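Derivation of every value follows stated rules applied to the coordinates shown; laboratory data play no part. Owing to the predicted nature of the structure, the values given are computational and were not obtained by experimental measurement. Positions of Cβ are generated from backbone atoms using ideal geometry, with glycine treated the same way; all protein chains shown enter the neighbour counts.
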Amino acid sequence: MYQLLWLLLPVAAASGWWAAQYSEKKRRRASRARFNSAYGQGLNHLLNEEPDKAVEVLVQLVEVDPDTVELHLALGSLFRRRGEVARAIRVHQNIAARARSSVELRNQARLELARDYLKAGLLDRAEHLFSKLLHGGVHERVVCQYLVDIYQQEKEWRKAIEVARRIAGTDPAHWKIRIAHYHCELGDEALTRGAFADALAAAERASGEDAACVRAQLLKASACQHAGDFQTAIEVYRALGSHSQQLLPGLREQLQACYRSLSPGEAWHEADTGMAEPGNSAKVDSQTRFRCDQCGFGSRKLFWQCPGCKSWSSVKPLGQSRAQ
């Protein structure tokens, strides 16, 4: 009898193990069926541009299978696009903190979390996360673009230059223009504090990045003028005057000031050789219009960076095809 019991024990254990496995497989099949159904509904709502309904379905889907990290990421992104940034932050923080998630998914969550912070205007937190990702060599191109935009907003021009150089090779024509303007921003700051040598050096660096940068030449002329090198300033101002008639009104004033500094009391017409007649300057000014060739922003004033779309060198005089 006891021998029979000993023989039956392994059979009973095996039967129990099989029953448990069968029950778990059955539960998984049911969960998978609910998952597939909810996933299909959510996808259908997204394709039909019904984000509110898609969010409801995805919330249910997360409850069905809480280990589905990719859907958590999608849900967080939907929250951010809907303006529910606090909810997006919570979702992405949870994913970033989950040890069971892969390194790749955690990094993706950190990227999304940094975007959440940026959307919420928390620039310091966004910069911190983007910098950590960049240090780890993760999503370098995207992270650099975000960091450059943050440094622009914070007017951290040196940091903007450093990061921009890391991805300048992806689009040299675009980035050399931006980096040149960053140097000009540093030059303008130097002029404001009276560091004219630093301003001149910044102008030279800007021209080294973009030889066609008119702003760099204006900065050079202004730095020379403030430093007392009026002859060089006159040469640069006159070259700019022949290059762009739209800049004449402001150039006339600066050019005349330089000539008067060299020869006090000298008449303007003696200094105006090679430039339009002074009587036409008001006409040129009143008829000048500028427009951004990226977003269409229009203005009577020349902006180096478009106030609308934040593009550099995109605001141009009407009828002029080449960026200044």
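Numbers at a glance
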| read-out | value |
| --- | --- |
| Inter-label distance for E84 and L318, nm, one decimal - labels placed 7 Å from Cα along Cα-to-Cβ | 4.7 nm |
| Violating pairs (Cα-Cα greater than 27 angstrom) within the set K119/K159; K119/K220; K159/K301; K155/K316; K119/K316 | K119/K220; K159/K301; K119/K316 |
| Extension gain (nm, one decimal) between A201 and K155, 0.36 nm per residue minus Cα-Cα | 14.7 nm |
| Theoretical FRET efficiency, 1/(1+(r/R0)^6), r = Cβ-Cβ of S131 and R165, R0 22 Å, to 0.05 | 0.90 |
| Calculated FRET value between E140 and K301, using beta carbons and R₀ = 35 Å, to 0.05 | 0.40 |
| Gain in span if fully extended, E253 to T232, counting 0.36 nm per residue against the direct Cα distance | 6.0 nm |
| Estimated FRET transfer efficiency when R0 is 22 angstrom, pair K310-K119 (beta carbons, to 0.05) | 0.85 |
| Estimated distance in nm for a label pair at A212 and N94, the labels positioned 7 Å out from Cα along Cα-to-Cβ | 5.2 nm |
